């Protein structure tokens, strides 16, 4: 799935705003569903899969809202709170929305934890791409990478961030 993002994007535009707040876009349960949906053929056999995000800046550096990624090796296995995704044709009455099903589509959000090691890329150029795991079925050290955009007010020379990301699935035989 491709996503075109831009700082200041508003409702009705083709671009989306950067994803603020530490998160992983896919839960283990939903990752299994996504992996099955994207198989090259129904009978394709694999031993392992990983959901990978490919992120690329389109704007000149430095960025007003850079991407920060967390070293997945610093993330405890039980960290994160389920954040369900609902797909609707129009915004529902928010007083009558059903609780999301944790087996359905969603991701995880993260709160401050001093054990997490974060890095950011304010000067990333158009010819650099960042790849990071959203989920790895091996579930060994570093099997997911929380990430977030944040407003960097320390750079008065910052350019409006524009970026592109594609979520992919890789399979091991």
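The values are calculated or read from the model by the stated rules, or taken from the named source; none is laboratory data. Computed from a prediction, not measured in an experiment: that's the story for all the values here. Glycine also receives a Cβ, built like all others from the backbone with ideal geometry; neighbour counts cover every protein chain displayed.
Restricting to segment 81-112, what's the tally of residues that are in a helix (DSSP H, G or I) and either modelled with pLDDT of 70 or more or surrounded by 10 or more Cβ atoms within 10 Å (Cβ to Cβ) (or both)?
Residues meeting the conditions: 2.
What strands (runs of 3 or more DSSP E) completely inside segment 113-170 contain at least 3 residues that are in contact with a helix residue (DSSP H, G or I) (Cβ under 8 Å, 6 or more places away or on another chain) and surrounded by 14 or more Cβ atoms within 10 Å (Cβ to Cβ)? Walk me through how you get there before you give the answer.
On the way: elements: 118-120, 129-136, 147-149.
Correct list: 129-136.
Of all residues in segment 125-141, which are more than 17 Å from residue 56 (Cα to Cα) and in contact with a strand residue (DSSP E or B) (Cβ under 7 Å, 6 or more places away or on another chain)?
135, 136, 137, 138
Looking for something more than 22 Å from residue 151 (Cβ to Cβ), in contact with a strand residue (DSSP E or B) (Cβ under 6 Å, 6 or more places away or on another chain) and surrounded by fewer than 18 Cβ atoms within 10 Å (Cβ to Cβ) - is there at least one such residue anywhere in segment 53-67?
yes
Condition check: over 17 Å from residue 136 (Cα atoms) and modelled with pLDDT of 95 or more. Does residue 116 satisfy that?
yes
Among the residues of segment 66-80, count how many are at pLDDT below 95 and more than 15 Å from the chain's Cα centre (by Cα).
Going through segment 66-80 one residue at a time, the tally reaches 4.
Just to be sure I understand, how many residues within segment 43-52 are exposed (fewer than 14 other Cβ atoms within 10 Å of the Cβ) and more than 21 Å from the chain's Cα centre (by Cα)? Reasoning before the result, please.
Our first condition is that a residue be exposed (fewer than 14 other Cβ atoms within 10 Å of the Cβ); within segment 43-52, this holds for 43-45, 47-48.
In the following step, the residues that additionally are more than 21 Å from the chain's Cα centre (by Cα) were identified as 43-45, 47.
Residues in segment 43-52 being exposed (fewer than 14 other Cβ atoms within 10 Å of the Cβ) and more than 21 Å from the chain's Cα centre (by Cα): 4 in total.
Does residue 31 count as surrounded by 13 or more Cβ atoms within 10 Å (Cβ to Cβ) and closer than 30 Å to residue 161 by Cα?
yes
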